[in-house]
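Enquirer: I'd like to ask some things about the structure below.
The values are calculated or read from the model by the stated rules, or taken from the named source; none is laboratory data. All of these numbers come straight from a predicted model, not from anything done at the bench. So basically every Cβ, Gly included, is an ideal-geometry build from the backbone, and we count neighbours across all protein chains shown.
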């Protein structure tokens, strides 16, 4: 029985090491640092100049609207990600500002 016990225990140990090595830590997203950026009309216009949301012919969402913010997220490739702050917050503007 001793001959069988060592390989069995070694197998369990190896399996445990493999499983623990494959596990990844899931944590909350880091908060967006307060950089003093706030959602102002001037800030929205600045973002619009960097991330055009219209079609080039004057059509597009109203700058600063929820639809506009959704388009900005889409153009930056972040729409739908879990770590995006609420669109109605200054934190959202800081988040976007860091990615532009």
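Enquirer: Quick one: count up the residues across segment 53-96 that are surrounded by 13 or more Cβ atoms within 10 Å (Cβ to Cβ), within 14 Å of the chain's Cα centre (by Cα) and assigned to a loop (DSSP other than H, G, I, E, B).
Expert: Of the residues in that region, 5 qualify.
Enquirer: Can you confirm whether residue 29 is modelled with pLDDT under 95 and in a helix (DSSP H, G or I)?
Expert: Criteria not met by residue 29.
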